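Bear in mind these aren't lab numbers, they're just calculated from the coordinates by the rules spelled out. Owing to the predicted nature of the structure, the values given are computational and were not obtained by experimental measurement. Neighbour counts are summed over all protein chains in view; Cβ atoms, including those assigned to glycine, are modelled from backbone coordinates with ideal geometry.
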């Protein structure tokens, strides 16, 4: 099988696939235009977040058999169309769960104790000790919207910190130590912190908007290390300006990179450029899982 690696991928992963007899070419800077002419010669492709696999590309690749995305979500791939063409689509859902969970919890502490703002004043040579009275996380309620692998990893960690955990997820019935609510409004009304860990779909796009912010506690804090576009960014900015939302931590955005920076520049917002899975450990695990899945697919395809 001929495999095209379209995004940055661990060298060990590439060598592992080659050692198994696969022909692997690396074009991790390939443009969408180049991909249209190059990909038809390949049986499989490896992608991360950068490369988008949409219907027009799939239509010119009749021999493509498999797409593996190193990462959790599949929103960068037209999955249903690919599968209708007989293309197997896989991802690596477990490899980066701990890394995203740890970033989420780090953001919770940063919001509770104004760590970013306090650091900024120190760098400006100011000593504003009385300006940064924070809150303890213990004893508060975290609402998880989405309680898959990452949501469960967050839950187990915050419960050790003394938090109560509610979760809303139509596909999950029970999680140890977590109260599953069947009505999203109940979670919005009771949570001190709300963290999103669900894929971006037609159903979830814009699901947290003005009406949902109105149902939340005054002073709620929002963390989104899931997918951009699930939270209405204009509605979030309005809720921050009104004080309804005391702070927001965002690793993902509707448009990446953002072109409208007003939300990021709000004084009660902290953010990062989609780095949830960007740890050495997660990248290593992603590479291993990509290689194992591609090698296994190739064996079964013979």
Report task. Extending each Cα 7 Å along its Cβ direction at residue 83 and residue 292, get the distance between those two points in nm, one decimal. Result -> 2.2
**Report entry** Whole-angstrom Cα spans of region 115-175 along principal axes, big to small
**Finding:** 51, 20, 16
**Report entry** Span from the region 90-149 Cα centroid across to the region 28-53 one, whole angstrom
**Finding:** 36
Query raised in the report: What's the percent breakdown of Cα-Cα distances in region 97-271 across 5 Å bins, shortest bin first?
Result: 2, 8, 18, 22, 22, 15, 8, 3, 1, 0, 0
Report task. Calculate the length of the line joining the C-alpha centroid of region 67-88 to that of region 280-302, in whole Å. Result -> 16
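How high is the FRET efficiency from residue 241 to residue 120, r the C-beta distance, R0 25 Å, rounded to 0.05?
Plugging the Cβ-Cβ distance into 1/(1 + (r/R0)^6) gives 0.80.
From the helices alone, meaning DSSP H stretches of at least four residues, give me the mean residue ellipticity at 222 nm for the chain, per-run term -39500 (n - 2.57), in deg cm²/dmol to the nearest 500. Walk me through the numbers on the way to the answer.
Details: 12 runs with 114 residues, N = 302.
Result for the chain: -11000 deg cm²/dmol, rounded to the nearest 500.
Rounded if a/c is under 1.5, else prolate if a/b is larger than b/c, else oblate: which is region 18-89, with a ≥ b ≥ c the root eigenvalues of its Cα gyration tensor?
On the way: a/c = 1.22, a/b = 1.21, b/c = 1.01.
Judged from the Cα gyration tensor, region 18-89 comes out rounded (a/c under 1.5).
Determine, for 261, 127, the number of other Cβ atoms within 10 Å of each Cβ, and report the residues in order from fewest to most. Let's see the in-between values first.
Values: 261 11, 127 8.
By the 10 Å Cβ count, ascending, the order reads 127, 261.
Just order 217-227, 248-258 by mean Cβ neighbour count inside 10 Å, highest at the front, would you?
Details: 217-227: 22.1, 248-258: 18.8.
Output ranking for 217-227, 248-258: 217-227, 248-258.
Can you give me the Kirkwood hydrodynamic radius for the chain, using every pair of distinct Cα atoms, in Å to one decimal? Don't jump to the answer; show the numbers that get you there.
Numbers: mean 1/r = 0.0482 Å⁻¹.
This gives a value of 20.8 Å.
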Report summary line: Distance in nm between residue 202 and residue 37 label points, each 7 Å along Cα→Cβ, equals 3.6
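Quick check on region 97-271: of the DSSP beta bridges with both residues there, what percent are antiparallel, nearest 5%? Don't skip to the answer; put the middle values down first.
On the way: 1 of 25 bridges.
Close to 5 percent.
For a Förster distance of 41 Å, can you work out the FRET efficiency between the beta-carbons of residue 214 and residue 25, rounded to the nearest 0.05?
On the way: r = 52 Å, r/R0 = 1.27.
Taking R0 as 41 Å, the efficiency between residue 214 and residue 25 is 0.20.
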Query raised in the report: Counting every Cα pair in region 175-295, what percent are over 16 Å apart?
Result: 65
Query - Largest-first ellipsoid semi-axes for region 1-129, taking √(5λ) over the Cα gyration tensor eigenvalues, angstrom - result: 40, 16, 15
